[in-house]
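Can you read through this structure? Questions will come right after.
The values are calculated or read from the model by the stated rules, or taken from the named source; none is laboratory data. Here the structure is a predicted model, which is why all the values come from computation and not from measurement. Cβ atoms come from the backbone with ideal geometry, glycine included; neighbour counts cover every protein chain shown. Just the protein is used for accessible areas: all its heavy atoms, side chains included, with ligands, DNA and RNA removed. Shrake-Rupley method; radii C 1.70, N 1.55, O 1.52, S 1.80 Å.
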Amino acid sequence: MVARTAPHQAASPQPSSAAHDSTASPRADMRWLWGFVLGHQGAAIGSIVTGMFGGIAAALEPYYIGLVIDHVQAGAETGQIVQDIALLLGMGAISVIAFFGQRHYSGIIAYSVVFDVRRHLFDQLLAFDNAFYQRFATGDLLSRMNADLDMIWRLFAISFNRLGSAVFTIITAFILLGRVSLPLTLVVFVVLLVSTSFQLRAGKKITPLFERVQNQAGALSTSVQDAISGIQTIKTFGRENGVAEKFHAENREYRRTWLFFKRRNEPVGMLPNMISQLTTGVVVLFGGILAVQNTLTLGNFAQFLIYLGLLSGVLLNLGVMYQRLQQTRGALARLTPLLQNAIVSDEPDAQPLDNAHGEITFEHVRVEMDGVTLLHDIDLRIPAGQVVAFVGPTGCGKTLLINLLARVLDPVEGRVLIDGHDVRSVKLNDLRKSIAYVPQSTFLFSRTLEANVRMGKPDISEGELARAIAISRINNDLTQLPHGVDTIVGEKGVMLSGGQKQRVAIARALVREPAILVLDDALSSVDMHTSADILAGLRSVLKTRTSLIIAHRIASVKDADLIVVMNEGRIVEQGTHEALIARAGFYARMVERELNEDAEHVKNAV
Amino acid sequence: MSKTQSNALPQIADGGEKVSDRYLVGMLGRFLAPYWFQLVVVFALLLSVSGLTLLLPYLIQRAVDGPITSGDLDGLIPYGVVYFGIIVLIFIVRFGHTYLLQTVGQSALVDLRQTLFEHILKQDMRFFNTTPVGQIVSRMSNDIEALTELVSTSIVVLISNMLTLVGIIVVMLALNWRLGVLGLAVMPIMIVATVFFRKQIRNTSNKYHRIVADYLAFINEQFSGMLIVQLFNRQPVSRDEFDDINHQLRDVHTELRDSYTHYASILQIMTSVGLAVVLYGGGQGVLAGWATLGMLIAFIEYTRRSFEPILMLSEQFAQLQTALSAGERIARMLHVQPEIQDAVNPVTLDDKPHDFAFDQVTFGYDADRDVLHDVSLHVPAGQRVAIVGATGAGKTSLAGLLARFYDVNEGRVLIDGVDVRDLRLHDLRHAVTVVPQNPYCFDGTIADNLRLFDPSITDAQMIAAARTASAAPFIERLPGAYEYRLLPGGANLSQGQRQLLALARALVHSPNSILVLDEATSNIDTETEALIQQGLAQMLRNRTSLIIAHRLSTIREADRILVMSRGKVVEEGKHDQLMRRDGLYARLYQRQFADMTVEDDSKENNYLATAMD
């Protein structure tokens, strides 16, 4: 297993098939989301209560407007009109206060829920196993943790703001209208009901379309990231045009899915507005007739018109809410994989692991990823304090096997034991504290070099820091860096050479003073002399520790206490260099190949 | 490698002066221009929607003051029918302009996205060394999305509401100027509030975008370094840092919403007050006889409708702000020009093995620190040259200059006697192929990676190249062979296999090029290495090549060895000559050899590129 370095197709990956726990896998759906809303009940109730007041007050305003018109028509006293208008303004004041409250509470819910969801997902991401990160490209994860999460607050910001008042406005409006003219009210009610049910049915078809748009957007970012990561290769071969053409195809496909979605989404959104406007037409016609027949006052006529305007606005909002609901469903479907992967976490009865000695046992370990068995029935015992080398062709499972120790991945079958404790039965924190890792591809964070080293163990003294820097031989390079140990490294900082990065990674591992040190081809970019110095320094520091060294060249590890030879996911041989040579098997053949290759050069050189 | 020095550089893509709003509008205009006809139609449709909408209250006024007041039922029917007809028409027109504008907007944005992408591809390596990948991805996705929102929705809302607002004001004043003045009484206050809050919302919105950018950068780094985070028990720290930025996100979000809430509340109050004024004044007017009841009802409608555009416009503030700052970032990126420009009067090269030369070349990534000093060398066609020297001696810089990823500060780099700056970049890169130590694998299959998106390469050519480069044996063992799909970063290939793939790739694309090879140091198992040696032997036959050498075999088999130290070529010649000379090379070689005999009877250790500094 090689650490991932670059992006990959955004196609929705399958949930991990490996090491799944037996609990039903959670889905990110509306019910799941509702659980987060319940955490903010106060604000939810606040938004509904203010919504109630706001909705009723808003619905009463047209009533007073109608009253004014009737009084004017009847030629009433100015005092009467002023009183009506004062009541109207009172209603206005209540709606403004309610409006304020609704927005306030809905804001709290929207941003708190998305805050909680974001935190929850990030916690999951922190605990996912390595297999997850091999499947998902960074660009794709970013799009899920950004654009898809945004849909959640967009939905709640509008629905908790408008839903409460919308419901009460509709109820109040219909009660008041019903008192004025029952037949007309019934007409309005039926028309609106039909349009709403139509909209609901149409809306269901929108969700998968929106998901497709988001997926294509993810594919676009993945394409960009891929091209930029490989830019030097593209330039080397002058393939800018080819890349641009490939991108063009994706780009056009995005436009196609987007327009396809919009052309179905827009009419659904426009529909309620259109229906309520048409209803206004009905009211003008039939209300006019009723007014002509004097069964409806002009004030009532005006009320109907205003109410329809009000209802039309309310229904438009409901339409938007509904669209957002459908889009949020699409977005949630894209969040589901972030809930369903295998998580590496403490067992409920996890035991502390103090002062580990570093005795390691693998028992019948089998590892599977995406249905393919990568390690078969591994049995291995390593006494504490030994230096053990793992050799074998690339892809034989050396890194994968070592990764099981720190539980970056759990095996499907079998056990991994440290000092006789199953690694799954000890506290993850203690387990990882006892292991220091220098991985194959070095990743440094965009902070100072010192901060990167201290990442190994934050509370080390200046002396310990200096020692780690000295042993890993970074001190030679410090003068070349603009600010010494305070130079920012990583993506945003100074670019270090491969060898420099590896040495920082060694210092980072060293300060942990671990029981087990793992060097996964950790000196590949460090020149031979320096690496010899580093190894000598390490040996003196880690005399009593267990060291696991993955190596590609056999000669560099032949002095190891134990050499484990792997091939195609199995341990094929193990023993000391001499024993393995004597056996004349796989290892001996590897050594022979290496020797043949080098012997000639040396012969010539002498 | 000499990259060490390369980057105290400023962030080219995000620095620079602020781009003016006018430049932005110009940029959008440029991309919308091809669709001017459709846009004129959209505008006409918007105009007619506004006009039709304004007709509605007027019709009601006429109906109330005419047939309804006079009790003429037959007279009422035409009004009702026309009213109905107008509503249907409005929807047809509205659907039409939405459809048209969305199509136009998407087409324009596809063009913009494509232009931006191609513009980025054209940038030089200095740009890519100083611009994080995440930043580019964010320009290409989030920022363009924000513009999509602007072009497909916000513009319609803006224009149609402006038109409606102006229309209402005109109609109100024309119908009854006294009622009109009453209806517009609160408008100035609304405008003042709008100006005030627009500024506040703009500032908060900018802050919001900065925090979102921080958030994206943070999670990007976390995801990339998750293995380290987990192995070093950094989850609590990551969680704390995440919480901090998550809090900031929530707070700035709330702040933005609060500004808008305050503003919208003021608008709401003004709406109520405005209606009250019309009702009171209008009521007096009806009683005094300068207004009719129908007029009053119509004016209530007009007044209500006049507030709507302002509310709608205000709702677009944040959206507009988002789009503007996104547009600004895009404009700024489009503004960056590569320092490496294509030759104005290009010279063409013959398609044959090339020779190359460095003529007194001085070069540094930073102005104040040279990586190469006055380097001169000539490599005749077909010669194989090995460069040895310690890390930081400037070996990789030679490759970068030859392929013109960077330009020299002084001196010239020549291919077949032509300055590389006088060649078309495309031709130059056809003539020079750099195979890095850790080649990149693109998202796709083995075949995609060999073809590099060039469909004109046939299967036969591809397979022949893979055979010659000795990549075929491992490829053909993979399930699906050439259709085998690579994991991100080529994680399901070993580094050695990736190198073999890169050699085959070089062979397919540039059969006659100068090959610049950064030899892999380790990471490669013995078997793959044997294959690489075999592939290389095939490839290097009759080729001009420059090899940054780590292995004895490469060094010894080279026609010439260049020894570099601190940015200079200090020695050159064949192995035997250099040994006789008893200089730096000989010292290095002896030291290396001494290591081998003392500590290593298996005669491993083929690194010469060692302790020079």
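Determine, yes or no, whether B:Ile219 is facing another protein chain (nearest Cβ under 8 Å), crowded, with 16+ Cβ neighbours inside 10 Å and without any contact (Cβ under 8 Å) to a residue 12 or more places away in the chain.
Here the answer is no, as B:Ile219 does not meet what is asked.
So B:Val88 ticks every box in (1) within 30 Å of A:Leu296 (Cα to Cα); (2) more than 8 Å from every other protein chain (Cβ to nearest Cβ) but one. Which box is left unticked?
With (1) within 30 Å of A:Leu296 (Cα to Cα); (2) more than 8 Å from every other protein chain (Cβ to nearest Cβ) applied to B:Val88, the lone miss is (2).
Mind counting the residues in the range B:321-353 that are closer than 28 Å to B:His426 by Cβ, open to solvent by less than 20 Å² (accessible area, probe 1.4 Å) and assigned to a helix (DSSP H, G or I)?
Of the residues in that region, 3 qualify.
Residues checked against (1) without any contact (Cβ under 8 Å) to a residue 24 or more places away in the chain; (2) touching a Lys or Arg at 6+ places or on another chain (Cβ under 7 Å); (3) open to solvent by 50 Å² or more (accessible area, probe 1.4 Å):
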site: B:His247; (1), (2), (3): yes, no, yes
site: B:Ser272; (1), (2), (3): yes, no, no
site: B:Gly285; (1), (2), (3): no, yes, no
site: B:Thr292; (1), (2), (3): no, no, yes
site: B:Ile310; (1), (2), (3): no, no, no
site: B:Gln319; (1), (2), (3): no, no, yes
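Another one. Quick one: A:Gly238 ticks every box in (1) farther than 26 Å from A:Ala57 by Cα; (2) assigned to a helix (DSSP H, G or I) bar one, so which box is it?
Looking at each condition in turn, A:Gly238 falls short on (2).
Need pairs with beta-carbon distance below 8 Å; first residue under 22 Å from A:Met52 (Cα atoms) and part of a helix (DSSP H, G or I) and within the range A:170-185, second of a type in the set (A, V, I, L, M, F, W, C) and open to solvent by 90 Å² or more (accessible area, probe 1.4 Å); sequence gap 6+ or separate chains.
A:Phe174/A:Phe189
Residues are listed down the side, and each one gets a yes or a no for (1) open to solvent by 40 Å² or more (accessible area, probe 1.4 Å); (2) closer than 30 Å to B:Pro439 by Cβ; (3) in a helix (DSSP H, G or I); (4) within 10 Å of another protein chain (Cβ to nearest Cβ):
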site	(1), (2), (3), (4)
A:Leu271	no, no, yes, yes
A:Thr279	no, no, yes, yes
A:Val283	no, no, yes, yes
A:Gly288	no, no, yes, yes
A:Tyr307	no, no, yes, no
A:Met321	no, no, yes, no
A:Arg324	yes, no, yes, no
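Of the conditions (1) assigned to a helix (DSSP H, G or I); (2) modelled with pLDDT of 75 or more; (3) not hydrophobic (A, V, I, L, M, F, W, C), B:Arg543 fails just one. Which one is it?
Here B:Arg543 meets the rest and fails (1).
Here's another thing I want to ask about it. Of a type in the set (S, T, N, Q), open to solvent by 10 Å² or more (accessible area, probe 1.4 Å), farther than 14 Å from A:Leu338 by Cα and part of a helix (DSSP H, G or I) - does that describe any residue in the range A:142-160?
Checking the range A:142-160: at least one residue is of a type in the set (S, T, N, Q), open to solvent by 10 Å² or more (accessible area, probe 1.4 Å), farther than 14 Å from A:Leu338 by Cα and part of a helix (DSSP H, G or I).
Can you tell me which of A:Gly107, A:Gly164, A:Gly90 is in contact with a helix residue (DSSP H, G or I) (Cβ under 9 Å, 6 or more places away or on another chain) and either of a type in the set (Phe, Trp, Tyr) or more than 10 Å from every other protein chain (Cβ to nearest Cβ) (or both)?
Residue meeting the stated conditions: A:Gly164.
Related question: If you scan the range A:535-555, which residues turn out to be at pLDDT 70 or above and among the polar types (S, T, N, Q)?
A:Ser540, A:Thr546, A:Ser547 - these are the residues of the range A:535-555 that are at pLDDT 70 or above and among the polar types (S, T, N, Q).
Pick from the range A:240-269 the residues that are at the interface with chain B (Cβ under 7 Å from one of its Cβ atoms) and of a type in the set (A, V, I, L, M): which of them is farthest from B:Val88 (Cα to Cα)?
Checking each candidate, the answer is A:Val243.
Condition test on A:Phe237, is it buried (at least 19 other Cβ atoms within 10 Å of the Cβ), within 30 Å of A:Thr207 (Cα to Cα) and facing chain B (nearest Cβ under 7 Å)?
no
I would also like to ask the following. Mind checking whether some residue in the range A:39-51 is facing chain B (nearest Cβ under 10 Å), buried (at least 23 other Cβ atoms within 10 Å of the Cβ) and in a helix (DSSP H, G or I)?
no
Of the numbered conditions (1) facing another protein chain (nearest Cβ under 10 Å); (2) at pLDDT 80 or above, A:Ala588 fails exactly one; give the number of that condition.
Failing condition for A:Ala588: (1).
Next up: For the range B:213-263, what are the residues that are hydrophobic (A, V, I, L, M, F, W, C) and within 27 Å of B:Asp143 (Cα to Cα)?
B:Ala213, B:Leu216, B:Ala217, B:Phe218, B:Ile219, B:Phe223, B:Met226, B:Phe242, B:Ile245, B:Leu249, B:Val252, B:Leu256
Within the group B:Val81, B:Val110, which residue is facing chain A (nearest Cβ under 10 Å), among the hydrophobic types (A, V, I, L, M, F, W, C) and surrounded by fewer than 16 Cβ atoms within 10 Å (Cβ to Cβ)?
B:Val81
Among the residues of the range A:74-96, is any among the acidic types (Asp, Glu), in contact (Cβ under 8 Å) with a residue 12 or more places away in the chain and open to solvent by 10 Å² or more (accessible area, probe 1.4 Å)?
No: the range A:74-96 contains no residue that is among the acidic types (Asp, Glu), in contact (Cβ under 8 Å) with a residue 12 or more places away in the chain and open to solvent by 10 Å² or more (accessible area, probe 1.4 Å).
Only one of B:Arg234, B:Arg257 is of a type in the set (Lys, Arg), at the interface with chain A (Cβ under 7 Å from one of its Cβ atoms) and within 22 Å of A:Gly107 (Cβ to Cβ). Can you tell me which?
B:Arg257
While we're here: Does the range B:471-492 contain at least one residue that is more than 14 Å from chain A (Cβ to nearest Cβ), under 19 Å from B:Asn438 (Cα atoms) and either part of a loop (DSSP other than H, G, I, E, B) or open to solvent by 50 Å² or more (accessible area, probe 1.4 Å) (or both)?
yes
From A:Gln351, A:Gln386, A:Gln340, grab the single residue that is among the polar types (S, T, N, Q) and within 30 Å of A:Gln214 (Cβ to Cβ).
None of the others qualify; the one that does is A:Gln340.
Can you tell me which residue among B:Phe317, B:Phe307, B:Phe299 is in a helix (DSSP H, G or I) and at pLDDT 85 or above?
Answer to the selection: B:Phe299.
What's the number of the condition B:Val212 fails, among (1) facing another protein chain (nearest Cβ under 8 Å); (2) free of Cβ contacts under 8 Å to residues at least 24 places away in the same chain; (3) under 25 Å from A:Asp150 (Cβ atoms)?
For B:Val212, the exception is condition (2).
In addition: Which one is farthest from B:Gln341 (Cα to Cα), of the residues in the range B:410-438 that are basic (Lys, Arg) and out of contact with any Pro (no Cβ under 8 Å at 6 or more places or on another chain)?
By that ranking, first place goes to B:Arg412.
From the list B:Thr445, B:Thr433, which residue is of a type in the set (Val, Ile, Thr), buried (at least 24 other Cβ atoms within 10 Å of the Cβ) and touching a strand residue (DSSP E or B) at 6+ places or on another chain (Cβ under 7 Å)?
So the residue among B:Thr445, B:Thr433 that is of a type in the set (Val, Ile, Thr), buried (at least 24 other Cβ atoms within 10 Å of the Cβ) and touching a strand residue (DSSP E or B) at 6+ places or on another chain (Cβ under 7 Å) is B:Thr433.
Do the conditions hold for B:Val371, that is, is it among the aliphatic types (A, V, I, L, M), at pLDDT below 85 and out of contact with any His (no Cβ under 6 Å at 6 or more places or on another chain)?
Yes, satisfied.
Also, quick follow-up: Restricting the range A:118-131 to residues that are crowded, with 21+ Cβ neighbours inside 10 Å and aliphatic (A, V, I, L, M), which is nearest to the other protein chains (Cβ to nearest Cβ)?
Per the stated criteria, the residue is A:Leu125.
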